[in-house]
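In what follows, a single structure is set out as structure tokens and then discussed.
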Amino acid sequence: MTDPTFSLRSLGWNDYWTAALREVSEPGAEPARVIRRDRGWIRVATDGDVRSIEIAGQTGELVTGDWVAVAGDRLLATLPRRGVLRRSGRGGVEQLLAANVEIVVLVCGLDRPVTPGRVHRGAVQAWDAGASAVVVLNKSDLFENAAVVAQAIAGETPGLDVLTVSSRTGEGVDAVREAIRGRTAVLLGESGAGKSSLLNSLAGRELSEEGAVRESDSKGKHTTVRRELFVLPDDAVVIDTPGIRAFGLAASTESVEAAFEDIEAFAQNCRFGDCGHITEPGCAVKEAIESGSLRAERLETYLGLRRELQSQVIRSSPHVRRRRERKMARMTREGQQAKRGLPDE
Ligand SMILES: Nc1nc2c(ncn2[C@@H]2O[C@H](COP(=O)(O)OP(=O)(O)OP(=O)(O)O)[C@@H](O)[C@H]2O)c(=O)[nH]1
Ligand SMILES: [Mg+2]
Ligand SMILES: [Zn+2]
């Protein structure tokens with residue numbers, strides 16, 4: 001099958017990228033967007049053309065969604081990213097998922113339990129990439145109480161829109177189309193959740209292959225095997241991704257904190273600056289739960305994410321571990337100085 005061709009604008013090009021390209025300014029430099037990454041090759045779309053470019057060794061970090069400058073079939077440069085979606089894979093090794101993403105669509109299948117913790121993680125991943133997030137509860141045709149689940153998830157994830165969709169019947173798909181209009185979107189979610197089906201439903205034709213789920217437990221069969229960028233007719237770019245079974249969290253502590261602003265706000269009033277909100281006396285977060293202004297489940301999700309993040313940081317490398325130990329030592333020293341009323345060095 002031959003690739004369709006696109007204009008730069010339909011690929012997401014705008015003034016920001018024009019300026020970024022000017023910095024590269026090599027004679028003959030032509031902008032292109034990475035639509036697929038294979039071993040040793042990238043597939044790029046330029047203004048009106050699609051071609052493969054060999055990237056032997058030099059650019060291990062290139063991912064789908066990157067903007068590059070090319071000359072013929074030569075790669076000249078990667079334009080500085082506006083953000084990159086990451087996750088940590090096995091052994092805490094970080095993996096880049098997609099670059100220059102503006103909205104992450106967290107697709108959940110209603111034919112299996114929808115867990116707020118997972119939705120939270122996805123949102124944190126999105127925010128870490130400088131993108132917004134929206135939750136899509138797909139397969140509403142299979143489940144009568146979709147609205148109830150939607151309400152429950154919305155309650156657990158303040159600030160996130162939750163859309164109820166059936167990629168099969170097309171119900172609710174227009175709302176997704178509105179949410180991603182004019183932007184680069186990434187579909188994230190478990191295998192079998194219906195990411196490719198949603199993409200096809202948005203496009204009105206089969207762009208990406210769909211696969212059946214196992215009857216016994218609704219598990220997907222990992223039909224989509226690579227991340228690939230598609231251009232929709234109504235002004236949106238969508239990156240379909242393979243479903244991941246265990247998704248690790250590659251995000252900064254800052255973005256977890258941003259996702260839980262309410263808890264951070266209560267924490268300002270904890271007696272201890274480093275309160276863990278577990279058993280400490282004078283914990284304002286615990287008080288907020290007792291008085292009913294904060295839900296206990298939300299604190300649990302928050303503490304869980306923070307624990308996970310910390311253990312990942314520790315696991316990831318001896319270098320990071322040493323840095324962390326030095327930081328701990330410094331904090332302890334500063335704490336002692338504060339107690340003794342000494343000025344900072
Ligand atoms: N009833 C119903 N089935 C759906 C819906 N959306 C997807 N499916 C089915 O769910 C199965 C999995 O869909 P896919 O789109 O392949 O799932 P995916 O998330 O892309 O999965 P991976 O590519 O493996 O990550 C297919 O059999 C789809 O036909 C829906 O809204 N309703
Ligand atoms: Mg798929
Ligand atoms: Zn506290």
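Scanning the range 266-288 for residues that are assigned to a loop (DSSP other than H, G, I, E, B) and in contact with a His (Cβ under 9 Å, 6 or more places away or on another chain) returns CYS270, CYS283. Checked against (1) surrounded by fewer than 17 Cβ atoms within 10 Å (Cβ to Cβ); (2) touching a residue at least 12 places away in the same chain (Cβ under 8 Å); (3) of a type in the set (Val, Ile, Thr), VAL101 passes all but a single condition, namely (1).
Here PHE247 meets each of (1) at pLDDT 80 or above; (2) under 30 Å from ARG33 (Cβ atoms) with one exception, condition (1). Is it true that some residue in the range 145-166 is within 16 Å of ligand 1 (Cβ to nearest atom), touching a residue at least 60 places away in the same chain (Cβ under 8 Å), under 30 Å from ARG307 (Cα atoms) and not in a loop (DSSP other than H, G, I, E, B)? There is no residue in the range 145-166 that is within 16 Å of ligand 1 (Cβ to nearest atom), touching a residue at least 60 places away in the same chain (Cβ under 8 Å), under 30 Å from ARG307 (Cα atoms) and not in a loop (DSSP other than H, G, I, E, B).
Would you confirm whether any residue within the range 197-212 is of a type in the set (A, V, I, L, M), modelled with pLDDT of 95 or more and within 11 Å of ligand 2 (Cβ to nearest atom)? So far as the range 197-212 goes, yes, one or more of its residues are of a type in the set (A, V, I, L, M), modelled with pLDDT of 95 or more and within 11 Å of ligand 2 (Cβ to nearest atom).
Say we look at the range 177-197 and pick out the residues that are in a helix (DSSP H, G or I) and more than 7 Å from ligand 1 (Cβ to nearest atom); which of these is surrounded by the fewest Cβ atoms within 10 Å (Cβ to Cβ)?
GLU178
Of ILE263, ILE239, all but one fail to be over 25 Å from ALA45 (Cβ atoms), modelled with pLDDT of 85 or more and outside any loop (DSSP other than H, G, I, E, B); the exception is ILE263.
Collect the residues in the range 213-236 that are surrounded by fewer than 17 Cβ atoms within 10 Å (Cβ to Cβ), more than 21 Å from LEU62 (Cβ to Cβ) and at pLDDT 80 or above, keeping them in residue-number order. The answer is PRO233, ASP234, ASP235.
The values are calculated or read from the model by the stated rules, or taken from the named source; none is laboratory data. Just so it is clear, the model here is predicted, and its values are computed rather than measured. Note that each Cβ is placed from the backbone with ideal geometry, even for glycine, and that neighbours are counted across all protein chains shown.
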